[in-house]
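This report concerns only the one structure given below.
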Amino acid sequence: PAMPLALQNISLKHLGTEIQNTMYNIRGNRQAQGIGHGPPGEDPPGSVEPQRVEQPLPSDPGTPGKDPADSPKPTPKSSLTANLIQKAKRQNTTFPLFAEGLTRTRTAQEKVLALEQQVLMLTKELKSQKELVRILHKALEAAQQEKRASSAYLAAAEDKDRLELVRHKLVRHKVRQIAELSRQVEALEQERESLAHTASLREQQLQELQRHVQLLMEKNQAKQQVICKLSEQVTRDFMQPPSQTPVPPEVADRDFLSQQEKMEHLKDDMEAYRTQNRFLNSEIHQVTKIWRRVAEKEKALLMKCAYLQAKNCQVESKYLAGLQRLQEAAEGECAELLRQLIQEALQCEAREALAEGVELSPVSEYDEYGFLTVPNYEMEDLKLLAKIQALEVHSHYLLAHEAVERPLRERWAALGDLAPSAELKQLLRAGVPREHRPRVWKWLIHLRVRHLQIPGRYQALLSQGQVRKHPAARQIELDLNRTFPNNKHFTCPTSSFPDKLRRVLLAFSWQNPTIGYCQGLNRLAAIALLVLEEEESAFWCLVAIVETIMPPDYYSKTLTSSQVDQRVLQDLLLEKLPRLMAHLGQHRVDLSFLTFNWFLVVFSDSLISNILLRVWDAFLYEGTKVIFRYALAIFKYNEEEILRLQDALEIYQYLRFFTKTICNSQKLMHIAFNDMNPFPMKQLQQLRTAHRERLEAEL
């Protein structure tokens, strides 16, 4: 605060005079301090002459450009010499150690004190000189600003302009003062906040200390009570010693000997137990080593057994395929003999298992979701192909179990709460293990329909269906018996799945009256029921697929979006598989009769359950893009086989069942998500938009 006051008291018109007065005042203060604080016995320096400073005459204020606030002129040489002489004189009087300033009769201690005081005085003088330089710098800046303002004022043509300049100058000065005060207020506010924070912390510490003191006081009081009780007990014991009957020395000796004998027996028992414990520990160690070797050998044998089973499946499939080819080529008695061999190959495993009581074949009749591993086709050729395909699937599963399936299960088991991420995306593409699939699907469905889910909505829709019959109820009843005829859950008369499926489809028809019911929805709902097993979860899964994942109008009466996707698939096939499309185009084969159903039911009728559910794992998370990827991958998987066929009829017959020949899920997944790249969603949307416009124009 002293600084702005010092600046305010300086006249900017006569800057030289003000500087001279400031210098004289500072030196006068220093000399007064030197006289008042000098060492005892030292005379005040009287030989110091006042410093002469040539005062520049103030120039005429009326002359523009001659203001005394101009930049300082260089000091003349004579003035500089005079200043140096005066400074030397001042030093001679200041340091009395040299010349006559200090008497020779003084002791060394007095000399040291005098020198220390001189050092303090010089330090204070240095600080004052620095303060003066800072003041002069600020005064010079203010003078230069005033000079510029005065020049502008003098250069103004009229009094009005000059008054405007003066007003602007005053405004700027007030603005600077306001800014300075604002900064000071902000600093004080920050200091106040810090002090308030410190006070709150101190208050918390005080409360904590008070609680601690209270606890210590309670503890001290409890200890005092214990001490008082013990003191009273000791006093009572001293005042009333317990009456004890004297024990004869003979009895005491006998008791001592018996106790000593017991101790010896106990020591012997303890040593025996230690020996036995060491023996048992060594036995346990040996048994543990034997058990580990047996476990390792068992694991190696299991892996070898799995490998041999896989090889056996491959040999069986090759044997059956060879018999089929021989049957096609043979005639007469040879054909009859081959038919018998095929029937024996299809039935011998069951007979051997019944005879020996051991399951020799690793292929069971139903898979884990109730689908027949070998469907009961009427044609023997198809039944043989299904048997070959089941053996191949199990062979690939056994070979990939240790290398792929086990690490995948461990990664899913280590995964905590589900959240959208790149890691989850890769895990879903690889497939979800059966024990984790219901939980993962419920989370994926909730992610899709959380804006539609209302508590009690499913039960309300069922109640609405009981009040009045929906127009689609008759078609739903007809399609119930056609849903997955090769699955035991939908063909068994005592199964509850058909009733659950009926309720789910009726509830959806009331949920979405625009669509109501479309053939194909029964298969979607059936897959959801097989995995989730709960009606309401299957209902919301169907809602998620139809209303959020698939494009609008996919299941409408016109199936507009479904037709658009077929045209988009044709473009993608031409881009990704040009050789195959040229071959099919040469034989005029239309793929839409096959692929239309793929898209409508998401491969539910086409792929085996092991591969189908892996497709659905990724489909529920990524959407319809997965259907395009797998459709292209299926054709790529069988591309070479199709290229070998040179007749349209043979191609159509092969395409009817060629999806059932896919048994290597890892290879198919690699083709879908690696070989088909790049596959940008932007390209898919552009193709859909273009084909929709053309289709609507055609319609």
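The values are calculated or read from the model by the stated rules, or taken from the named source; none is laboratory data. Keep in mind that what you see is a predicted model, and the values were worked out from it rather than measured. FYI the Cβ positions are ideal-geometry reconstructions off the backbone, even for glycines, and counts take in every protein chain you see. Remember, those area values only see protein heavy atoms, side chains included, never the ligands or the DNA or RNA. Shrake-Rupley method; radii C 1.70, N 1.55, O 1.52, S 1.80 Å.
Quick rundown of the values:
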read-out	value
Some residue of the range 687-699 being modelled with pLDDT under 90, in a helix (DSSP H, G or I), in the same structural domain as ARG614 (by the TED database) and buried (at least 18 other Cβ atoms within 10 Å of the Cβ)	no
Some residue of the range 530-544 being without any contact (Cβ under 8 Å) to a residue 60 or more places away in the chain, aliphatic (A, V, I, L, M), under 25 Å from MET681 (Cα atoms) and surrounded by 21 or more Cβ atoms within 10 Å (Cβ to Cβ)	yes
Counted residues, the range 430-455 - those being in a loop (DSSP other than H, G, I, E, B) and within 22 Å of SER496 (Cα to Cα)	2
Selection within the range 458-484 - under 27 Å from TYR369 (Cα atoms), assigned to a loop (DSSP other than H, G, I, E, B) and touching a helix residue (DSSP H, G or I) at 6+ places or on another chain (Cβ under 6 Å)	THR483, PHE484
Residues satisfying the stated conditions in the range 490-510, i.e. surrounded by fewer than 21 Cβ atoms within 10 Å (Cβ to Cβ) and over 15 Å from GLN466 (Cβ atoms)	THR491, CYS492, PRO493, THR494, SER495, SER496, PRO498, LYS500
Filter result for ILE608 (open to solvent by 10 Å² or more (accessible area, probe 1.4 Å) and under 29 Å from LEU418 (Cα atoms))	yes
Test: THR275 is over 30 Å from ALA142 (Cβ atoms) and either open to solvent by less than 100 Å² (accessible area, probe 1.4 Å) or at pLDDT 90 or above (or both)	yes
Residue pairs meeting the criteria (Cβ under 8 Å; at least 6 apart or on separate chains; first in the same structural domain as GLU535 (by the TED database), in the range 462-477; second open to solvent by 80 Å² or more (accessible area, probe 1.4 Å) and part of a loop (DSSP other than H, G, I, E, B))	GLN475/GLN519
Subset of the range 676-685 (residues that are surrounded by 14 or more Cβ atoms within 10 Å (Cβ to Cβ) and touching a residue at least 24 places away in the same chain (Cβ under 8 Å))	MET676, PHE679, LEU684
Residue list for the range 433-443, restricted to those being over 20 Å from SER665 (Cβ atoms) and hydrophobic (A, V, I, L, M, F, W, C)	TRP443
Matching residues, the range 611-643, being within 19 Å of GLU423 (Cβ to Cβ), open to solvent by less than 10 Å² (accessible area, probe 1.4 Å) and touching a Leu at 6+ places or on another chain (Cβ under 6 Å)	ASP617, ALA618, LEU620
Of all residues in the range 478-502 being in contact (Cβ under 8 Å) with a residue 40 or more places away in the chain and of a type in the set (D, E, K, R), the one that is nearest to VAL546 (Cα to Cα)	ASP479
Contacts under 6 angstrom Cβ, first residue in the range 503-520 being closer than 13 Å to LEU559 by Cα, partner open to solvent by less than 30 Å² (accessible area, probe 1.4 Å), 6 or more apart	ILE515/TYR555; TYR517/ALA472; TYR517/ILE476; TYR517/SER509; CYS518/TYR555; GLY520/LEU600; GLY520/VAL601
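Residue-wise test of (1) more than 28 Å from ARG614 (Cβ to Cβ); (2) over 34 Å from the mean Cα position of the chain (by Cα); (3) at pLDDT below 95; (4) open to solvent by less than 60 Å² (accessible area, probe 1.4 Å).
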site	(1), (2), (3), (4)
VAL432	no, no, yes, yes
ARG450	no, no, yes, no
LYS469	yes, yes, yes, no
ALA472	yes, yes, yes, yes
GLN475	yes, yes, yes, no
LEU480	no, yes, yes, yes
PHE484	no, yes, yes, yes
